[in-house]
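Only one structure is covered here, and it is reproduced in the block below.
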Amino acid sequence: MSVPIPDPALDIFLPRFLKADGEASRLAATRVLRPRPSDLFYDVEPTVPDDHGLSAVGFAEFAVSPSVRIVVDTRAVVPCEVQSLIYVMREAEARTGVSVAGVHATHEIDPSAGLSITTSDASLVETARDAWHAVRALSSVSDVESRSAPKLYGSKLRLTSLLAAAVCSNLPAGAPILDAMAGTGIVSRMLSGRFRVSVNDANAYGAVFARSQGAALMRDADELIERLRQVASRNYDALVGLAPARFATEADFFHGDLSDEQFVKYRDFCREPVVAPSERPPCGAPYQLCLARYANSYFGVAQCAQLDSLRAAIDEATPEEAPERDLLLSALLMAATVCSTGPHFAQPRKLTLASFRDTIERRARSVVWEFELAVRRMASRPPLRHPIEQATQGDWRDAVTRFAQGSGSRKPAAVYFDPPYSKFQYSRYYHLLNVLISYDYPSIHGVGRYPPLADRFSSKFEHNSKPALSEFEDAFDLCRELGLRIFVSYSNRGLVPTDALVDAMSRRFAQVVEFSDKIRHHSQGTRLGDHLGYVTELVLSARND
Ligand SMILES: C[S@@+](CC[C@H](N)C(=O)[O-])C[C@H]1O[C@@H](n2cnc3c(N)ncnc32)[C@H](O)[C@@H]1O
């Protein structure tokens, strides 16, 4: 076999094997194949948009070792899928010890990806086929699942391939895994296609999204929605009764022109509170938390009344412990994020002449309509292949300890950490979602209308790199002690430099591997990343067994 020359254009396809001394070993032998290697894949067409700048590369060859070579059409794959396959082949070969001397044959693995493997060991072909299809199957998220995933900062919806690549190649099917910081719950949903998943998040919104992944409606969606509508409209009418002129004036703005003069009138309108923010209103009074706290800041007047009224309807129509309550609360949170005036809840969007049109358009959106849409979408998601084993709300420490004593005692088992990466404080960005769940009429403070600081969970992964790194070290120590494998999502734009993170891992775990992908990011309306908007997203896997 001729020794291929490493081609830097193909580096993106290589997993990095990291060592404690800071060295990273990669695969040395890669090359771009031009023209296409054979007629074998003659009808392969590029299927993936060229987000990675790979359209110029086409077919490429990766020599995993002198006895195993992979050929793939780079235009038809996501780089981390190849990283995973290389890693799995290397591991399998290390176990079986394939000899260079046997007769080498080329085997087709996946014609849609132009993927073949050349080896003398037929057992490796099956390993490659299983590994490849496992990653592809696990990472595929259906349209309805994608549409019913909340669009929140930090969601890994666009990184399911990267996660699937890392986890499938390091954990056998059916093994227990804890999603310790589940956020929108999309990763838990995805992982449940192959593993036994437990879920946790420190914030109430994350815990509700997590629990709702496996929740189904106990009754017909139309019947439930009709019942919710009836209760909600009673509450809504009572709220309109508290300030009828304010509701009528807002409706006039929604149907009026958008002149400078109207802007001034609307600005003045927004300065007047609709109802005074009180503590919990007396028994029998309509639900009014949002109307009293967020009207004309994060939402319009009618939108706040709709949020309050749906929240009242959820309380009346579903008992505390009913699983469908989590689904309905999730739908309410999604409606709130879709209808909010600005991109986040850290502070209300400023009303200016320039933002007037967009503000009016957003405040005219129907919360009820978005809620019903979210309910129907969530209810029609495919059922989870393995039900979520346990869902908790709390700090990762408690969740990991509990997991290790429960389902995580069956080894191998793993914990997935996806902590906040940035100095953005989640509690500032998502306080409103937590308040919608607790609905406990908190006092509100500051420009962002936050509940008291003492009532907001503050994560050590945020703010500063030193405490964040030390929090990581605590997590690594605990998992090592408990014999758990770990996966960590992080980015090259994170607070903790990735070198420091890798170093902390490789001092504690015998095997650390880095899987990566480059994606374009937007965060809370701001573009992040390099000059082209690209961020390198990593999943680091570490294990001692
Ligand atoms: C980047 S998001 C996770 C996103 C999630 N994987 C997804 O795809 O939607 C980070 C999450 O970590 C949670 N979190 C932060 N600190 C935590 C801690 N100490 N323990 C548990 N959860 C924490 C936050 O509430 C937030 O939901």
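Bear in mind these aren't lab numbers, they're just calculated from the coordinates by the rules spelled out. In this text, all values refer to a predicted model and were calculated from it rather than measured experimentally. As a convention, Cβ positions derive from the backbone with ideal geometry for all residues, glycine included, and neighbour counts pool all protein chains shown.
Simple spin-label estimate for L453 and R227 gives 4.4 nm between the two label positions (7 Å along the Cα-to-Cβ direction from each Cα). Under 5 Å from the amide H of R196 lie the amide H atoms of G174, A175, I177, each residue being 5 or more positions distant or on a separate chain, with H modelled from the backbone and absent for Pro and chain starts. Under the criterion of Cα pairs below 8 Å and six or more residues apart, the relative contact order for the chain equals 16 percent. Between the listed residues V82, H107, A137, the Cα displaced farthest toward the positive end of the dipole of the chain, a dipole computed from Cβ unit charges relative to the Cα centre, is found at V82. Stretched out straight at 0.36 nm per residue, the stretch from S259 to R376 would grow longer than its current Cα-Cα span by 38.3 nm. Over all orientations, the stretch 221-379 has a Cα convex hull whose mean projected area works out to 9.6 square nanometres.
Counting lysine pairs in the chain that sit 8 or more residues apart in sequence, or on different chains, and whose Cα atoms lie under 25 Å apart gives 16.
Roughly what angle does helix 79-96 make with the longest principal axis of the chain, taking Cα atoms, 0 to 90 degrees, to the nearest 10? On a 0 to 90 degree scale, this one is about 40.
Think of the chain as having a plus end and a minus end, set by charges on the Cβ of Lys, Arg, Asp and Glu; of P15, S116, V64, P15 sits farthest toward the positive end of this dipole. The charge dipole of the chain, taken about its Cα centre with unit charges on the Cβ of Lys, Arg, Asp and Glu (plus for the first two, minus for the last two), comes to roughly 580 debye.
Within the chain, the cysteines lacking any other cysteine Cβ closer than 4.7 Å to their own Cβ are C80, C168, C270, C283, C339, C479. Kirkwood hydrodynamic radius, computed over distinct alpha-carbon pairs, for the chain: how many Å, to one decimal? Result for the chain stands at 25.4 Å.
The charge dipole of the stretch 227-314, taken about its Cα centre with unit charges on the Cβ of Lys, Arg, Asp and Glu (plus for the first two, minus for the last two), comes to roughly 520 debye. Residue order for Y421, Y294, fewest other beta carbons within 10 angstrom first, comes to Y421, Y294. What the Cβ-Cβ distance of T106 and S65 gives, at R0 = 22 Å and to the nearest 0.05, is a FRET efficiency of 0.90. When peptides 103-113, 70-80, 253-263 are ranked by their average number of other Cβ atoms within 10 Å per residue, the highest-first order is 70-80, 103-113, 253-263. Its DSSP H runs of at least 4 residues, each contributing -39,500 (n - 2.57), put the calculated 222 nm mean residue ellipticity of the chain at -13000 deg cm²/dmol, to the nearest 500.
Counted by neighbouring Cβ atoms within 10 Å, the residues K518, K350 run from fewest to most as K350, K518.
Neighbour counting of Cβ atoms within 10 Å sorts the residues T359, T118, T249, fewest neighbours leading, into T249, T118, T359.
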